[in-house]
Every structure is written in C-alpha cells, then in structure tokens.
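**Student:** Quick one: the structure is below, and I'll ask about it shortly.
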Amino acid sequence: MSIIIAAGLLLGAPIVDSHRVEIDHQGQRVAVTYHSELAVTHRQVGSAGPAGRPSTLRCLWKANVSVEREARSAAGHVLKRTIASDTPIEGSRPGWCSGQSAAIEQEVAMRSDQVRAHLLAVAERDREALALELDAAHSPARG
C-alpha cells in the first residue's frame, strides 16, 4: 500500500514550507523554489496470535522524501527537476497497517525537522547542477 502525502498537508498543518531563493546567474536574477513531498509506504509483517497468545503484527513504514525544484529566470526559462532522497524516514507501529495511518502521520510530522534539513541540504547541493542547466538553457543552439 502506498500513500502520497504532500508535506504541507499532513494533519492539516504545514510541516515543511517551500524553500525559496534568488540567485544571480550571468547577471540575471533566477527565482528558485524547492518543495518537498513525502511518499509513505506501508508493509504488514507478523501474524495475529491465536486466542490467549500475543500477536506479532507490525506495520513497517517508510517515508521517502523527494524535492521538486522550479527555477524561473528573468529571460523566461523555466527549469524543473525532481531530486529523490536516498535516506528515507522509517519506523514501525504495532498492529494492522490499516489502523495505523493517523499514528504514522503523527510520527512523520514529528520528524518535520529532518525533512526540513533534507530540503535545505538538497537546495545547497543543487546549486552547481542548476548553474549548469541554466548555462545550457542560455547558450545558443548548436547545429
């Protein structure tokens, strides 16, 4: 089972704002917006115990963070890119996954500082790639 949760919509309250920066590229201002999105997946493990015996049911969950980047230059170029995370946020809850959605959302929301830190780190690492993309967009077409 997979649920896509926009980071700003968890529990009805924003947990991660978009990160906006303006950079100067070859004398032109470029407005860049980074927005994080979480894809939460669940995996049911264990089994229900027979009467009088404890259950081993657990719901393993993983929230993969991806960052959408949109750069708009004064020259009219719009560059979009999705940057996937290689370090998901993970956890587990006792019981059936179907009954744990709200608790998992709360756990993810409590880790919003990790998501925010990831968003800012991605934005910092993306500067060089963005500069190269802007160079390519501004260069005349080669024949």
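**Student:** Looking at L57 and the list (1) more than 18 Å from A109 (Cβ to Cβ); (2) at pLDDT below 90, which single condition is not satisfied?
**Tutor:** Result: L57 fails condition (2) only.
**Student:** Still on this structure, I have one more. Search region 67-85 for residues that are under 20 Å from R125 (Cβ atoms) and pair each with any residue that is aromatic (F, W, Y) when their beta-carbon atoms are under 9 Å apart and the residues are at least 6 apart or on different chains.
**Tutor:** V67/Y34; E68/Y34; R69/Y34; E70/Y34; I83/Y34
**Student:** Oh, and also: Would you please list the contacts, defined by Cβ atoms under 6 Å and residues six or more apart or on different chains, that run from a residue in region 91-106 that is over 11 Å from H42 (Cβ atoms) to a residue that is aliphatic (A, V, I, L, M)?
**Tutor:** Correct list of pairs: G95/L57; E105/L10; E105/L11.
**Student:** Could you please tell me which pairs satisfy a Cβ distance under 7 Å, a separation of 6+ or placement on different chains, a first residue in region 109-129 that is farther than 13 Å from A63 by Cβ, and a second residue that is outside any helix (DSSP H, G or I) and hydrophobic (A, V, I, L, M, F, W, C)?
**Tutor:** R116/V16; L119/V16; L119/V67; V122/V67; V122/I83; A123/V21; D126/I83
**Student:** Also, I was wondering about something else. When I23 is evaluated against the numbered criteria (1) out of contact with any helix residue (DSSP H, G or I) (no Cβ under 8 Å at 6 or more places or on another chain); (2) modelled with pLDDT under 90; (3) farther than 18 Å from R116 by Cα; (4) among the hydrophobic types (A, V, I, L, M, F, W, C), which criterion, by number, is the only one it fails?
**Tutor:** Only one criterion in (1) out of contact with any helix residue (DSSP H, G or I) (no Cβ under 8 Å at 6 or more places or on another chain); (2) modelled with pLDDT under 90; (3) farther than 18 Å from R116 by Cα; (4) among the hydrophobic types (A, V, I, L, M, F, W, C) is unmet by I23, namely (1).
**Student:** From the list S98, S85, S73, S47, pick out the single residue that is closer than 19 Å to R20 by Cβ and of a type in the set (S, T, Y).
**Tutor:** Values: S98 fails: closer than 19 Å to R20 by Cβ; S85 fails: closer than 19 Å to R20 by Cβ; S47 fails: closer than 19 Å to R20 by Cβ.
Only one candidate passes the filter, namely S73.
**Student:** Now, a different point. If I ask for residues that are touching a Gly at 6+ places or on another chain (Cβ under 6 Å) and among the small types (G, A, S), which ones from region 35-74 would you list?
**Tutor:** Going residue by residue through region 35-74, those that are touching a Gly at 6+ places or on another chain (Cβ under 6 Å) are 55-58, 61.
Listed by number, the list holds a single entry, S55.
The values are calculated or read from the model by the stated rules, or taken from the named source; none is laboratory data. Nothing here was measured: the structure is a model prediction, and the numbers come from that model. FYI the Cβ positions are ideal-geometry reconstructions off the backbone, even for glycines, and counts take in every protein chain you see.
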